[in-house]
Amino acid sequence: MRNKKTSTGEYLAFLSTMHEVDPDKLFEALILAEAKKKSECGELAIECRSKTREKVMFLILKDSDVVTQFSMFREFLLRSGHPIRDFMDTDMIRKFLARKAKRSLSFKIGDLRTGMVQINLKAKVLEIARPSMVYTRYGNYASVANAVIADETGTIRLCLWNEQIGSISTGDTIQIENGRTSMFRGQRQLNIGKKGLVSNVNDSNCQVEKVIGS
């Protein structure tokens, strides 16, 4: 939702950047929605929920999910030029793009060092050991299994917990997001915490180029 301290133009520029739509087309879609009640801009559906002499309330959805609902002064829709594009070089946009670039940075296994965090990488699963039950420091039992994954730069052990174990199989190409490395019993390993994700990306366009030793 919109921060009260954020101007209309800056907020719309942020939405444009986040959802990768042209700011000028977004502005045109808002004008059309105000006149016709509904419009579309890329994957975004825009609805005019209410309007008065001074303000217009908009609802923006994506795939039927609510993105935001906000009001703006009607005066903004009457501006000429590029009212949204003029705000595409603000601190808010620069910080968002910097965070996005940081999240999207992808590593190779050969780049990994102990203690690294926020690791994104793609690799192939070479083997998955049989799961075992362990008693955790949180006072409960959990299922854990060690896998070995590889890309063209090397191999590393991947620690899998509970439902992560059944989500991948030997031979799969997987994408790991927000992983971290540690040392366990003298061996470097990759961990996926609560904020991390492992997913199967097996398809013709998402294969590791070459697995080391293959």
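Readers should treat all values here as calculations from the given coordinates under stated rules, not as data from a laboratory. Just so it is clear, the model here is predicted, and its values are computed rather than measured. Ideal geometry is used to build each Cβ from the backbone, glycine not excepted, and the neighbour counts take in all protein chains shown.
Worth pointing out:
- Less than 5 angstrom separates the built amide H of THR6 from none of the residues sequence-distant by 5 or more or on a different chain.
- A Förster radius of 41 Å combined with the Cβ-Cβ distance from ARG74 to ALA98 puts the calculated FRET efficiency at roughly 0.75.
- Phi to ³J(HN,Hα) by Karplus 6.51 cos²θ - 1.76 cosθ + 1.60 over the range 180-186, Hz, x for Gly, Pro: 8, 10, 8, 10, 10, 6, x
- ³J(HN,Hα), Karplus 6.51/-1.76/1.60, whole Hz, each residue of the range 113-120, x for Gly, Pro: 10, 4, x, 6, 10, 6, 8, 10
- Efficiency of FRET from Cβ geometry, SER106 and ASP24, R₀ 35 Å, rounded to 0.05: 0.65
- CYS41 long-range amide H proximity, modeled H, under 5 Å: ILE46
- Alpha-carbon Rg/Rh ratio, for the chain, with Rh computed the Kirkwood way: 1.14
- Debye equation applied to the C-alpha atoms of the range 105-200, log10 I(q)/I(0) at 0.10, 0.20 Å⁻¹: -0.23, -0.97
- Additional length obtainable on full extension of the chain from ASP91 to VAL134, 0.36 nm per residue less Cα span: 10.8 nm
- Phi angles across the range 168-176 convert, under the Karplus curve 6.51 cos²θ - 1.76 cosθ + 1.60 with θ = phi - 60°, into 3J(HN,Hα) values of 9, 9, 4, x, 5, 9, 10, 10, 10 Hz, Gly and Pro given as x.
- Distant-in-sequence amide contacts of ASN202, defined by a placed amide H-H separation under 5 Å and a gap of 5 or more residues or a different chain, comprise THR173.
- Straight Cα distances below 19 angstrom link LYS195 to the lysines LYS100, LYS102, LYS122, with same-chain residues fewer than 8 positions distant left out.
- Remark on the range 8-102: hydrodynamic radius 13.5 angstrom, per the Kirkwood mean of 1/r across alpha carbon pairs.
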